[in-house]
1. Could you count how many Lys pairs in the chain have their Cα atoms under 30 Å apart, skipping same-chain pairs fewer than 8 positions apart?
2. Residue separation times 0.36 nm, minus the C-alpha to C-alpha distance between Ala203 and Asp36: what's the value?
3. Checking a compactness column here: for segment 92-178, what do you get for Rg(Cα) / (2.2 N^0.38 Å), N being the number of residues?
4. Let me know the charge dipole size of segment 88-207 about its Cα centre in debye, to the nearest 20, where only the beta-carbon of Lys, Arg (+1) and Asp, Glu (-1) is charged.
5. Can you tell me the length gained on complete extension of the stretch Leu81 to Ala44, counting 0.36 nm per residue apart and subtracting the Cα distance?
6. Given +1 on the Cβ of Lys and Arg, -1 on the Cβ of Asp and Glu, and no further charges, what dipole in debye does the chain carry about its Cα centre, rounded to the nearest 20?
7. Tell me, in nm to one decimal, what length is gained between Ala111 and Lys195 on full extension, where the rule is 0.36 nm per residue of separation less the Cα-Cα distance?
8. May I ask for the angle, rounded to the nearest 10°, between helix 94-111 and the longest principal axis of the chain, with both axes built from Cα atoms and the value confined to 0 to 90°?
Amino acid sequence: MENRTSTQRKIPQQERSREMVAKIIATAVKMLKKTDPQQITTNAIAARAGVSKGSVYQYFANKEELIHAAIEQLAAEQAPLIEDMLRSVTMEQPQEAMQASIDILIDFTIANRKLIRYVADRPDYARTLENASGLNATLLALTTLHMAHYRDQYRHELSPRALAWLFFNMAVATTTRYIESDDPIQLDELRSGLKFASAGLLAAGRQ
C-alpha cells in the first residue's frame, strides 16, 4: 500500500525512502508541538531529522506541504487522546459532564494555541485537521448521546442534537476566539463564563 499523505509530491517506493519520509514528518510533528509553526524552517526540520535539505524537497515541494503533512499526522495522533478524555465524562451528570468537557477543550486548546491559531488562518489546513482526526463529528456524537441519555434534565424546547451542537460549538468557537484575540480576559473567567453559559441549556430548576 502506498505511504503517502495528501500533500506529498512524490511517493517513496523503497522501504528506506518510506522510513526517511516518516522520519521527516515525525520530526516536523515534534517541532510543531514546541515551536510556533511560523518559525519552523525546512532547514531546521532536515537538520533535526538528520537528512539533507535536498531529501526533504525530493518529497515535499516546500515547507507548507511538509507542515500540512505533519498537521495531518498530529491530528490523527491526538484525536484519540481527546476522544478518550471526553468519553470518560460522557455519562456523568449533566452539569458535571459539561464542566469537565469545557475544561478538557480549554486545556487542549491552550496547550496547542500556536498551532491552532496557525491552522485557523489557513482553511485548507483546518479541513486537513478535521479530515484526519474526524474529531468534530465524534465529539458531536458523544455529546448528543449524553444529552439524549439525560433528556429530562435539559431544556425540552431543544432536541438532543441541537443541544449538543450548541454546547460543542459554543465551547470550541469561544475558546478558539479567545486565543485568536490574545487572551482578552483571564483564563479563569473564560472557564467560568462558558460553564455559566452552558448551564442555560439545562431544564428550569437544574441550573
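Throughout, read-outs are computed from the coordinates displayed, never taken from laboratory work. Bear in mind that the values here come from a model prediction, so they are computed numbers and not experimental data. A quick note on method: Cβ atoms are made from the backbone with ideal geometry, for glycine too, and the neighbour counts reach across all protein chains shown.
1. So the count of such lysine pairs works out to 27.
2. Values: separation 167, 0.36 × 167 = 60.12 nm, distance 4.30 nm.
Taking Ala203 through Asp36 to full extension adds about 55.8 nm, to one decimal.
3. Numbers: Rg = 14.0 Å, N = 87, 2.2 N^0.38 = 12.0 Å.
Compared with the compact-globule rule of thumb, segment 92-178 sits at 1.17.
4. Details: 12 positive and 14 negative charges, 51 e Å.
Dipole size: approximately 240 debye.
5. Values: separation 37, 0.36 × 37 = 13.32 nm, distance 2.82 nm.
Here the segment from Leu81 to Ala44 would lengthen by 10.5 nm.
6. Working: 25 positive and 24 negative charges, 136 e Å.
Charge dipole of the chain: 660 debye, to the nearest 20.
7. Values: separation 84, 0.36 × 84 = 30.24 nm, distance 1.98 nm.
Gain on stretching Ala111 to Lys195: 28.3 nm.
8. Around 30 degrees separate the two axes.
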